[in-house]
Amino acid sequence: MLMRAAPVLLVSVIAFAAIEGAVFHTEVYPWILNPDASTGYVETILRMEHERPKAGPQVLGIGDSRMLLLPRLSNEHTAETRYTFGTIATAGASPRSWYYLLRDADPTARLYRAIVIAVESYDDAERWNDENDNNEDLSYLIDRLRLSDWWEFSRSYHDPDRQWKAARGILLKGLVYKRDFQDLLLHPVSRARYAKLNRRDAFSWNYGYNGPPDTLTDFHVDWQARTLTAPPNADPGLVHNLKFRLLDALPTETGNESRYLKYWLGKIYEHYRGSPTRLIFLRLPRGGFVRPDQPRYNPHSSVRDLAMEPNVTLIDEHFFDSLEKPEFFRDEMHLNGPGMVPFSLMITQEVSRILGPPR
Amino acid sequence: MLFNTPQFFLFLLVTIGLFYVSPKGLRKWILLIASYFFYMSWNWRFAPLLLSLTVIDYVAAIWMERVESPSRRKLFLVASLAANLGFLGFFKYYNFLAGMLAEALRKDPHAFALSIVLPLGISFHTFQSISYVVDVYRGEQKAIRNPIDYALFIAFFPQLVAGPIVRAREFFADYYQWAPPISEEKLRGVLWILLGLVKKMALADQFAQIADSYFQNLAAHPGAPAAWSGVVAFAMQIFFDFSGYTDMAIGMALLLGFHFPTNFRRPYLAFSITDFWHRWHISLSRWLRDYLYIPLGGNRHGSLMTYRNLMLTMLLGGLWHGASWNFVIWGGYHGALLGLERVLGRKHFQEPPNWLVYPFRAVITFLLVCIGWVFFRAATLHDSVYVIQQMFTWHGKAGLIPVWLTCMLAASLAIALLEEKTEWIERLAHGPAWAYVAAVVTLLFTVELIGVTEKAVPFVYFQF
């Protein structure tokens with residue numbers, strides 16, 4: 001008997017959409033993600049935060065790889081501060097990602113007494129790259145993006161190709177999971193084992209992290225001559241990055257970064273508007289060497305404007321200046337192990353001071 | 001507008017939609033406008049060229065039919081052929097010939113070169129036009145009176161840029177007795193389009209990455225394993241790329257109520273080179289046979305002339321692919337192998353051997369075809385010789401094809417073997433609905449999870 005084309009094709013499309021949805025739009029596929037790949041890494045961080053016991057008032061840190069808050073150290077002082085600290089800071093995460101991560105970690109906006117947001121600058125300093133077109137965000141967030149995010153998230157890219165990639169990726173998440181899926185096909189057993197191991201031990205791996213001991217003490221910068229002197233055995237990649245960050249001209253100010261930050265930090269504020277959660281911004285220590293030509297003071301930067309709103313606080317911009325020494329940094333922007341200790345303790349004390357004793 | 005892009009699928013949906021909602025009289029206009037829109041989306045400057053050739057051949061065919069005198073008929077044929085081959089020769093072979101002339105005169109190789117952009121699909125629509133005027137000249141085809149009908153035959157978008165090369169009598173048989181496709185044809189059409197997409201995006205584009213990495217940096221991959229895997233990767237790329245395109249063209253045509261001839265019939269299962277050419281780019285082989293080999297005399301004037309005709313046909317077939325000595329050598333290589341098979345006994349290479357011998361013969365044929373592909377893919381003759389040397393240099397480390405792609409290849413081979421025996425893909429549209437749905441869902445997931453979707457990779461044959 002001849003089949004009718006339209007119903008059969010319709011059923012085919014529905015069947016595909018149903019299976020795609022069941023596998024990739026639920027927790028089925030994320031369960032087996034490679035924990036070392038972008039999405040798996042973010043999922044691990046969020047899962048740890050969801051599963052972390054939350055007795056007593058909570059404080060959550062967020063930022064990129066430079067937000068090196070060690071909750072283990074902060075929580076050694078819980079008896080004194082009465083706050084328990086956690087972090088969902090993620091290497092490479094942008095303010096756009098922070099919004100979606102916070103929305104997932106704290107859907108009711110009432111789970112935490114404070115969210116500590118680590119930013120690079122209080123002046124919305126321009127960046128070399130356009131953060132709107134950060135390719136990683138889609139990979140980081142794909143499991144957390146909903147169909148209702150389709151328009152806003154994909155339109156938030158400036159590059160039409162990336163807008164299209166995001167738009168189709170949110171609808172057909174398998175397109176974004178493709179590389180991970182191909183890797184799973186190659187090594188299904190070892191992947192399953194590693195994913196299981198990660199589910200069991202990720203918390204101790206992450207919260208037990210101490211940071212490397214490397215320092216920049218053997219490096220010297222001559223600001224007059226605009227030269228960097230490196231030890232003979234220095235990693236060429238590190239030397240290149242230090243020169244780029246310290247000696248290259250600052251990017252031209254276009255206001256692009258400011259618009260970006262105002263939008264996404266504004267979205268975070270909107271999420272918490274009217275909730276008891278305080279948003280606390282801190283400016284990250286700038287590095288082991290601080291270039292003399294800092295970005296221009298911006299009185300109407302994203303964070304300064306937000307600070308006018310209730311329940312938003314900026315930690316003193318120069319609060320971490322004492323850490324801006326070569327002995328506390330392992331590379332051009334990341335604190336080392338010895339630097340992470342005072343950084344974490346300073347955050348703990350200052351946030352506890354700002355919040356006051358919990359009611 | 002590549003077939004493997006969302007823009008093209010939007011274009012296809014709009015075209016099919018407009019085609020079916022329009023009154024019958026408007027439908028040919030819809031297809032013609034869509035076809036020219038498709039062509040102009042690549043480069044609008046070549047539309048007048050396509051139109052000019054269409055007008056020349058349309059008029060020549062009508063005049064050929066009108067005049068009584070054989071010499072005048074021949075004159076119109078020659079004029080039409082001169083126009084077609086003149087355009088083709090200028091755009092495709094001018095720089096090749098100019099380079100040879102410069103070399104002969106010991107001048108700079110680019111001394112007489114012009115900056116020429118090859119019009120898309122010129123090799124295909126020229127051959128289609130030639131077949132039409134020759135058929136009219138021979139009295140095998142009536143001249144088409146309606147210029148719109150003829151223009152659509154030449155410009156019909158599913159086969160405009162890379163075939164299959166459709167005969168006028170095949171096209172107009174569907175066109176003049178057009179009937180809407182029945183459900184089974186619609187289902188087959190969709191299946192062919194999806195199958196073509198999978199071949200292109202999940203197989204050809206994956207193999208292309210390996211072939212490109214090998215052929216673009218030969219020095220980095222010494223030894224036989226790398227050479228064979230690079231060449232096999234290209235063999236797979238070109239097959240899945242071209243047959244994927246053809247499958248999509250056939251599928252689109254079916255959805256519009258047209259039936260294109262088969263262009264590929266599992267060529268890598270061929271048991272001889274003769275058999276290979278009955279399975280590979282069938283519409284071109286058929287064209288070369290009917291409009292070149294047979295007019296040259298075919299096998300009617302003794303063995304020596306047969307070999308000459310065979311070799312000439314294959315050399316010109318090679319040259320048709322591109323203006324380079326590598327393509328000529330590729331054609332000559334196949335001509336020589338076909339000649340050799342004739343010498344060894346034609347029947348032996350035309351009829352399939354028993355099932356015990358078949359696999360060995362198929363493997364040997366595939367390896368011989370792969371050696372030919374080296375000339376097709378390598379940038380220069382020097383590179384081709386180097387690769388062939390490497391293929392028979394027994395050293396080197398592992399091959400370049402990853403395990404998962406080898407598994408995909410094994411799955412494709414199993415599907416091809418099953419298809420060879422049962423033609424089950426063709427039958428899916430007649431079978432139970434659940435089987436069809438399962439096949440479509442599988443194909444969609446293959447495109448989604450295996451296909452190269454980051455960028456649309458152009459089809460290999462678009463450059464010809």
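Would you check if B:Lys74 is touching a residue at least 60 places away in the same chain (Cβ under 8 Å) and surrounded by fewer than 16 Cβ atoms within 10 Å (Cβ to Cβ)? Spell out how you get there, then give the answer.
On the way: touching a residue at least 60 places away in the same chain (Cβ under 8 Å): yes; surrounded by fewer than 16 Cβ atoms within 10 Å (Cβ to Cβ): yes.
For B:Lys74, the condition - touching a residue at least 60 places away in the same chain (Cβ under 8 Å) and surrounded by fewer than 16 Cβ atoms within 10 Å (Cβ to Cβ) - is met.
If the condition is being assigned to a helix (DSSP H, G or I) and of a type in the set (Gly, Ala, Ser), then segment A:324-359 contributes A:Gly337, A:Gly339, A:Ser344, A:Ser352.
Among the residues of segment A:11-68, count how many are in contact with an Asp or Glu (Cβ under 8 Å, 6 or more places away or on another chain) and either among the aliphatic types (A, V, I, L, M) or part of a helix (DSSP H, G or I) (or both). Going through segment A:11-68 one residue at a time, the tally reaches 11.
For segment A:1-48, filtered to residues that are within 11 Å of another protein chain (Cβ to nearest Cβ), over 23 Å from the mean Cα position of the chain (by Cα) and not hydrophobic (A, V, I, L, M, F, W, C), the residue that is farthest from B:Glu448 (Cα to Cα) is A:Arg4.
Residues that are exposed (fewer than 14 other Cβ atoms within 10 Å of the Cβ) and in contact with a Ser or Thr (Cβ under 9 Å, 6 or more places away or on another chain) within segment B:382-419 comprise just one, B:Ala398. Of the listed requirements (1) buried (at least 21 other Cβ atoms within 10 Å of the Cβ); (2) within 29 Å of B:Ala173 (Cα to Cα); (3) in contact with a Lys or Arg (Cβ under 7 Å, 6 or more places away or on another chain), B:Phe240 misses just one: (2). Within segment B:32-60, the only residue that satisfies the criterion of being in contact with a helix residue (DSSP H, G or I) (Cβ under 7 Å, 6 or more places away or on another chain), more than 26 Å from B:Ser22 (Cα to Cα) and among the β-branched types (Val, Ile, Thr) is B:Ile56.
Among the candidates A:Leu141, A:Leu197, which residue alone is over 23 Å from the mean Cα position of the chain (by Cα) and not charged (D, E, K, R)? Outline the logic, then answer.
Numbers: A:Leu141 fails: over 23 Å from the mean Cα position of the chain (by Cα).
Being over 23 Å from the mean Cα position of the chain (by Cα) and not charged (D, E, K, R) holds for just one of A:Leu141, A:Leu197, which is A:Leu197.
Answer yes or no as to whether A:Arg199 is of a type in the set (Lys, Arg), in a helix (DSSP H, G or I) and within 14 Å of another protein chain (Cβ to nearest Cβ). Criteria not met by A:Arg199. Within the option set B:Ala173, B:Ala179, B:Ala162, being without any contact (Cβ under 8 Å) to a residue 40 or more places away in the chain, out of contact with any Ser or Thr (no Cβ under 6 Å at 6 or more places or on another chain) and under 28 Å from B:Arg427 (Cβ atoms) holds for one residue only, B:Ala173.
B:Tyr358: aromatic (Phe, Trp, Tyr) and closer than 22 Å to B:Phe239 by Cα, yes or no?
Details: aromatic (Phe, Trp, Tyr): yes; closer than 22 Å to B:Phe239 by Cα: yes.
Against the criterion (aromatic (Phe, Trp, Tyr) and closer than 22 Å to B:Phe239 by Cα), B:Tyr358 qualifies.
I'd like to know if segment B:421-440 contains one or more residues that are surrounded by 12 or more Cβ atoms within 10 Å (Cβ to Cβ), of a type outside the set (A, V, I, L, M, F, W, C) and within 17 Å of B:Val232 (Cβ to Cβ). Checked segment B:421-440: no residue is surrounded by 12 or more Cβ atoms within 10 Å (Cβ to Cβ), of a type outside the set (A, V, I, L, M, F, W, C) and within 17 Å of B:Val232 (Cβ to Cβ). Note on segment B:12-39: residues that are touching a Phe, Trp or Tyr at 6+ places or on another chain (Cβ under 8 Å) and closer than 15 Å to B:Leu160 by Cα total 6.
B:Leu418 meets each of the listed conditions (1) over 25 Å from the mean Cα position of the chain (by Cα); (2) free of Cβ contacts under 8 Å to residues at least 60 places away in the same chain; (3) more than 23 Å from B:Phe9 (Cα to Cα) apart from (1).
Between A:Leu306, A:Leu284, A:Leu279, the distinction of being without any contact (Cβ under 8 Å) to a residue 60 or more places away in the chain and surrounded by 20 or more Cβ atoms within 10 Å (Cβ to Cβ) belongs to A:Leu306 only. Checking B:Val357, B:Val403, B:Val385 one by one, the residue that is aliphatic (A, V, I, L, M), under 28 Å from B:Arg308 (Cβ atoms) and in the same structural domain as B:Asp212 (by TED's automatic domain parsing) is B:Val385 and no other. Selection over segment B:407-464 of residues that are away from chain A (no Cβ under 12 Å) and not in a helix (DSSP H, G or I) gives a count of 5.
The values are calculated or read from the model by the stated rules, or taken from the named source; none is laboratory data. What you are looking at is a predicted structure, and each value in this text was computed from that prediction instead of being measured. Because the Cβ atoms are built from the backbone with ideal geometry, glycine has one as well, and the counts that use them run over all protein chains shown.
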